[in-house]
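In what follows, a structure is listed as structure tokens, so that the remarks can point back to it.
Bear in mind these aren't lab numbers, they're just calculated from the coordinates by the rules spelled out. Note that the coordinates shown come from a computational prediction; the quantities given were computed from them, not determined experimentally. As a convention, Cβ positions derive from the backbone with ideal geometry for all residues, glycine included, and neighbour counts pool all protein chains shown.
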Amino acid sequence: MNLMTFSRLRAALPDGTMIGMEPEADAGFSSVCIDSRVCRAGALFVCLAGASHDGHQYAETAFKAGAVAALVEKTKLSGGMSGLKAAARRYGAILFAVDNTLRALQDAAKAYLERFPGLLKIGVTGSSGKTTVKEIAGAILSCEKKVVMNKGNLNSETGLPLSVFKVRAGDEIGVFEMGMNRAGEIRELSRVLKPHIALITNIGEAHIGMLGSLEAIAAEKKAIFSGFTGKETALIPASDAFRDFLAREVNGKVVFYETSCPAASLGLDGAELELDGERIRFPLPGTHNLKNALAAVAIAKETRAAISETRAAVSSIKKGLESVKPLFGRSEIIRGRVTLVQDCYNANPSSTAAAIEFCDSVAWSGRRVYVIGSMLELGAYSEAAHAQIGRLLAGSQADFVYLFGAETRVIADILEKSEKPAKKPFFFTENMAELINAAAHYVQEGDLALLKGSRGCALERLAAALTASGE
């Protein structure tokens, strides 16, 4: 089945030039990829030029795997890449030569989405919680509708367009997470998706090293509303310090959603909350996940309103919330001789503080071991942010702290200078093998261990050693 014919692709890329034999009227591509290793028969291969790899070098590999066409940049058709035309000819493939292949991928995805005017499109962005909110919202909405979402956190300038090509006839609601790694990216993604409902989870320090201030982060996240025409809805957390700024001059309906509700903590088992008179057992632990749940509920309620129904069905909300499963590295509770709180998919000052405070709050008869990895991408704010976490750890309930990564040396200095008798024992290293060896020899049956750090730390490598230690 073709996702898009070549004639439609040509219409979506009016500045592009098609090179190769003229395709039949109904010829097209059946999938889209940017990695030649996963290309399959019928694919459109998009040649992206990155900092370390240039996709144009792998076009022939993609053709060998069955790609029928490739998006290439016009400047690459000469010089060292002059063999692109010959490679395409050899495999009977078509080249679409454009000025910028990333922009062309986004334009093609935008044109593809326009084929589904009945799809209610929901965009989710924010400094933290995006993936979890998307997954919870999907769990609720799929109780009643056919829902399509980004896989995992494919939320970037390339991930979102690739995810868009997963939409199929019959899908009723699309919930798409929108992330950023540079200024202007959210605006680009909003141009592709054109969300009918757009939600911001929060404004925090994630990417502050890139954008320079919380105000700049708020302005970047607010760009999710940039394509509104007056008919769309902006969902903004009522308690966020930037709520008024986020709501200002939005060309559409603005809804402030609540991020707290009556709830009883069940510790590692989540929380029991009361919503619209219904008691719901929500399985993800921590106050931050309760906020994520309420953001997803706000999406569900607004979705019902958008499709001309009066209110979100409480039964669907209850069923959806109670069915949620933790994602890899996000508030995962791994039970065994040592109980792990594996929250190491990503980290920023707010989420790290939330993880420590949650583990402090859990009723626990054994020892608490906190493994804290570097928080990356904080730029000039890194030292102050790690110092903040160091002070929090110094007063925490941890029996021992393990620090991993050069940035955590600031935390080590703070813990070293702590006064007795409250001085916190710790171990600092920049070597994973040393960390695994030290922690594995310390932890014992009955311990509670927190793994928290940025993705680049890959602290999940420690999990097997901790759960197996002492056996």
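If the chain were replaced by its equivalent ellipsoid, with semi-axes equal to the square roots of 5 times the Cα gyration tensor eigenvalues, what would those be, largest first, whole Å?
42, 29, 20
Using R₀ = 30 Å, calculate the FRET efficiency as 1/(1 + (r/R₀)^6) where r is the Cβ-Cβ separation of residue 5 and residue 53; round to 0.05.
Rounded to the nearest 0.05, the efficiency is 0.50.
Describe numerically, in nm with one decimal, the distance between label points set 7 Å from Cα along Cα→Cβ at residue 264 and at residue 287.
In this crude spin-label approximation the distance works out to 2.0 nm.
Return the distance in nm (one decimal) between the two label points of a simple spin-label model at residue 75 and residue 91, each offset 7 Å from Cα along Cα→Cβ.
Between residue 75 and residue 91, the label points sit 2.4 nm apart.
If each residue of separation counts as 0.36 nm, what is the full-extension length gain between residue 432 and residue 100 once their alpha-carbon separation is subtracted?
115.5 nm
Report the gain in length on full extension from residue 214 to residue 15: 0.36 nm times residue separation, minus Cα-Cα distance, nm rounded to one decimal.
Roughly 67.9 nm would be gained on extension.
Each label point is 7 Å from the Cα along the Cα-to-Cβ direction; what then is the distance between the points at residue 27 and residue 357, in nm?
Spacing of the two 7 Å Cα→Cβ label points: 6.0 nm.
How much of the DSSP beta bridge set in region 116-323 is antiparallel, as a percent to the nearest 5? Write down the numbers at each step before the final one.
Numbers: 8 of 28 bridges.
Taking every DSSP beta bridge within region 116-323, about 30 percent pair in antiparallel fashion.
Pull out a ≥ b ≥ c, the square roots of the eigenvalues of the alpha-carbon gyration tensor of region 89-147, then state rounded if a/c is under 1.5, prolate if not and a/b is larger than b/c, and oblate in the remaining case.
Taking the square roots of the gyration eigenvalues as a ≥ b ≥ c, region 89-147 is prolate.
Using alpha-carbon positions, what is the distance between the centroids of region 91-150 and region 377-445, in Å?
40 Å
Using the Cα centre as the reference, give the magnitude of the dipole from point charges on the C-beta atoms of the chain (Lys, Arg: +1; Asp, Glu: -1; all else neutral), rounded to the nearest 20 debye.
Around 960 debye, computed over the chain.
Classify region 130-276: rounded, prolate or oblate, from the alpha-carbon gyration tensor (a ≥ b ≥ c, eigenvalue square roots; a/c under 1.5 rounded; otherwise prolate if a/b is larger than b/c)?
Rounded shape, in that the Cα axes give a/c under 1.5.
Give me 391, 335, 409 sorted ascending by neighbouring Cβ count inside 10 Å, so fewest comes first.
Fewest-to-most Cβ neighbours within 10 Å comes out as 335, 391, 409.
How compact and how long is region 1-128, expressed as Rg and Dmax of its alpha-carbon atoms in Å?
Just the Cα atoms of region 1-128 yield Rg and Dmax of 14.9, 48 Å.
Kindly express, to the nearest 10 degrees and within the range 0 to 90, the angle between helix 314-323's C-alpha long axis and the longest C-alpha principal axis of the chain.
Taking Cα atoms only, the helix is inclined about 80 degrees.
Considering only the other residues whose Cβ falls under 9 Å of the Cβ of residue 386, what net charge follows from Lys and Arg at +1 and Asp and Glu at -1?
So the environment of residue 386 carries a net charge of -1.
Tell me which trypsin sites (Lys or Arg not before Pro) from region 1-48 have a DSSP coil assignment and no more than 14 other beta carbons within 10 Å of their own.
On the way: sites: 8, 10, 37, 40; in loops: 40.
When the trypsin sites (Lys or Arg not before Pro) of region 1-48 are filtered for loop state and at most 14 Cβ neighbours within 10 Å, 40 remain.
Have a look at the DSSP beta bridges in region 4-100 and tell me what percent are antiparallel, nearest 5.
35 percent
Taking every DSSP beta bridge with both residues inside the chain, roughly what % is antiparallel (nearest 5)?
Around 25 percent of the beta bridges assigned by DSSP in the chain are antiparallel ones.
State whether region 380-449 is rounded, prolate or oblate according to the following rule on the C-alpha gyration tensor (a ≥ b ≥ c being the square roots of its eigenvalues): a/c under 1.5 gives rounded; otherwise a/b larger than b/c gives prolate, and the remaining case gives oblate.
Here region 380-449 falls in the oblate category.
Using per-residue counts of other Cβ atoms within 10 Å, averaged over each peptide, order 257-266, 59-68 from highest down.
Output ranking for 257-266, 59-68: 59-68, 257-266.
Could you point to the residue in 16, 297, 267 farthest towards the positive end of the chain's charge dipole, with +1 and -1 charges on the Cβ of Lys/Arg and Asp/Glu respectively?
16
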